[in-house]
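To start, the structure under review is shown below, and the notes come after it.
The values are calculated or read from the model by the stated rules, or taken from the named source; none is laboratory data. The model shown is predicted, which means the values in this text are computed figures rather than measured ones. Because the Cβ atoms are built from the backbone with ideal geometry, glycine has one as well, and the counts that use them run over all protein chains shown. Surface areas here come from the heavy atoms of the whole protein model, side chains and all, with no ligands, DNA or RNA. Shrake-Rupley method; radii C 1.70, N 1.55, O 1.52, S 1.80 Å.
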Amino acid sequence: MKQIAIVSGKGGTGKTTLSGSLSFLFENHVMADCDVDAPNLHLLMEPKLLEKHEYFGGKKAEIGNSCTSCGACMDVCRFSAIIPGTTYKIDPYACEGCNACVLICPEGAITLKESKSGDYFLSKSGDLPLSHALLFPGEETSGGLIAEVRKLALKVAEQKNRKYVVIDGAPGIGCAASSSITGVNYVVIVAEPTISGMHDLQRIVETTRYFRRNFGIVINKFDLNEVKTDEIICWCEKEGIEVLGKIPFDPEVRNSAIKAEPVVKNEKSPATRAIREIFQRLMEIV
Amino acid sequence: MKIAVVSGKGGTGKTTVATNLAWVLSQKGPVQLLDADVEEPNSHLFFHVKYTEEIDVEILLPRVDKEKCLLCGKCAKACQFGAISIFNTGVLIFDNLCHGCGTCSIACPTKAIYEISKQIGVVKIGQIDEKLTFGMGLLNIGEPSGVRVIRELKKFIDNSRTVIIDAPPGTSCPVVETLRGMDYAIMVTEATPFGLHDLKLAASVVKEMNIPMGIVINRASEDYKEIEEFAFSNDIPILEKIPFDRDIATSYSKGSLFVEEKKEWFERFERLYEKIAGVIV
Ligand code: SF4
Ligand code: SF4
Ligand code: SF4
Ligand code: SF4
């Protein structure tokens, strides 16, 4: 079984457009939406919910009634999570559940409690299984939840003997993005030809290399700024990175998005042709 | 006044709004633009920034003094992040799992643990021109969380100026850290079902934090009215609609501000600000 992740240095580069369309072209696969902060893939697939699991991401401290306001906890908390007062309180958004305050409190007034930080799901769109999740707003970075989504996708792929797991990765370069690419066979990086796109691309390439994954690049909306596109291509050549393809700026992509459909459903769109070629190349590689 | 520019996901035009708004307001009075999107800061690309200060953001990592260590395992037991393992040869610390919380030091009965600092990012402070000062945070590659970099950046908030903060995308911890203490949130979204979905998530965070908000619809389209319906039924004002325009996309791609190229938009951003100022006082 092969795992392929589609990522980008930041959101909105067309990552979900591409993964939604690739999902439509792939056969014998399972999809995993690892963008748990802003999951969008299920909007494209109108899936039917099969399973729901709760995700307990960590613990949070709670201060009980025996607090004497001595302030010892505040001195040790390195996350500014303790709010002083007549009885001290914890800011649950800031607390990382590190346990330092629990150990230090002379009154034993603090306890760590498990906290639920999201849900993850298994759904089905036609014959295609999709694992996805939703992190509760304001919860801590989502690496652990992404790991659960990927585990679930892998399990289903094994059960059903599917050949591929296609991952819509989390944007950025932090823990969410890292969790989306660790251990995958191939990473498709979506870039856009903008001044910031180049900057974001370099950061995600560095991240991908840090995890020693094989990868290639897709340039989305390449004709919006051909000078920048050339710059990206030159940079890739210099770095020995394969450019898997270029997708043109195509109003059809947007129209499909409004209808919540993958753009490749529209055979006449120029973007569709480009995505099909990228898919071909991807199949040769993996 | 402190305004955060937020979006449920990246690429909706958050940076476009933050940079253009900061520029427009700085033509009238002192403004500070801060980029808290520490995983992918982009705002600086639209300006020539003269940096005056660069501050390392560090966390403390534990190290074990073998002489004093009894291999008792109390540190590993106390660590909530699985960052310590005990072997008969010694204590092993996994730096990339460590949150730098110091709990293991508290737990160690023999004070065998000391700490060393490790840089996880930087905060850069500078000036674009007299009216517009600038700051940004940058998280190092491979680091899990940008919250501390954001906290460090926010120490440089200049209350004598109108502050515009380009927030990180999404709805998790770093966004909450950015929003803390803000007077207003501009929610930037695009007119698609994805935009709406992510907007709802982001709006729930802002609402819970009791921060007044308004919506800017980017790449607005007559074909998709659902954002406006959502805004109406939740009593959130629509501050502006920026149409789907290839010229605007091209100016962004070149790293220029479209308010400079399209005068009409300069005034529209001024009006956008007046709408916000009217709410806060
Ligand atoms: S250490 Fe315990 S008693 Fe002291 S302020 Fe904190 S919770 Fe209260
Ligand atoms: S558990 Fe850690 S982060 Fe949470 S309040 Fe206690 S010391 Fe602070
Ligand atoms: S500092 Fe905290 S996270 Fe790091 S090893 Fe010690 S207890 Fe674990
Ligand atoms: S708690 Fe202290 S003495 Fe015990 S294993 Fe850890 S470092 Fe060694």
Kindly indicate which of B:G73, B:G102 is among the small types (G, A, S), open to solvent by less than 60 Å² (accessible area, probe 1.4 Å) and away from ligand 1 (no atom under 16 Å from the Cβ).
-> B:G73
So which residues in the stretch B:92-127 are part of a strand (DSSP E or B), modelled with pLDDT of 95 or more and among the β-branched types (V, I, T)?
-> B:I113, B:I116, B:V122, B:V123, B:I125
Within the stretch B:87-99, how many residues turn out to be touching a residue at least 24 places away in the same chain (Cβ under 8 Å) and either surrounded by 14 or more Cβ atoms within 10 Å (Cβ to Cβ) or within 11 Å of another protein chain (Cβ to nearest Cβ) (or both)?
-> 5
Within the stretch B:48-96, count every residue that is away from ligand 3 (no atom under 16 Å from the Cβ) and within 28 Å of the chain's Cα centre (by Cα).
-> 10
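Matching residues to (1) crowded, with 19+ Cβ neighbours inside 10 Å; (2) at pLDDT below 90; (3) more than 30 Å from A:N40 (Cα to Cα); (4) within 11 Å of chain B (Cβ to nearest Cβ):
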position: A:E114; (1), (2), (3), (4): no, yes, no, no
position: A:S123; (1), (2), (3), (4): yes, no, no, no
position: A:S131; (1), (2), (3), (4): yes, no, no, no
position: A:L135; (1), (2), (3), (4): yes, yes, no, yes
Looking only at the stretch A:79-103, which residues are away from ligand 3 (no atom under 13 Å from the Cβ) and surrounded by 18 or more Cβ atoms within 10 Å (Cβ to Cβ)?
-> A:A81, A:I82, A:Y88, A:I90, A:Y93, A:A94, A:C95
Considering residues that are surrounded by 15 or more Cβ atoms within 10 Å (Cβ to Cβ) and on the phi < 0 side of the Ramachandran plot, the number found within the stretch A:203-244 is 26
Is it the case that some residue within the stretch B:14-27 is open to solvent by less than 10 Å² (accessible area, probe 1.4 Å), within 14 Å of chain A (Cβ to nearest Cβ) and more than 30 Å from B:K131 (Cβ to Cβ)?
-> no
Mind checking which pairs have a first residue in the stretch A:248-260 that is without any contact (Cβ under 8 Å) to a residue 60 or more places away in the chain and over 13 Å from A:T16 (Cα atoms) and a second that is of a type in the set (K, R) and open to solvent by 50 Å² or more (accessible area, probe 1.4 Å), Cβ under 7 Å, 6 or more apart or different chains?
-> A:F249/A:K221
Looking at A:L18, is it among the aliphatic types (A, V, I, L, M), more than 16 Å from ligand 3 (Cβ to nearest atom) and surrounded by fewer than 19 Cβ atoms within 10 Å (Cβ to Cβ)?
-> no
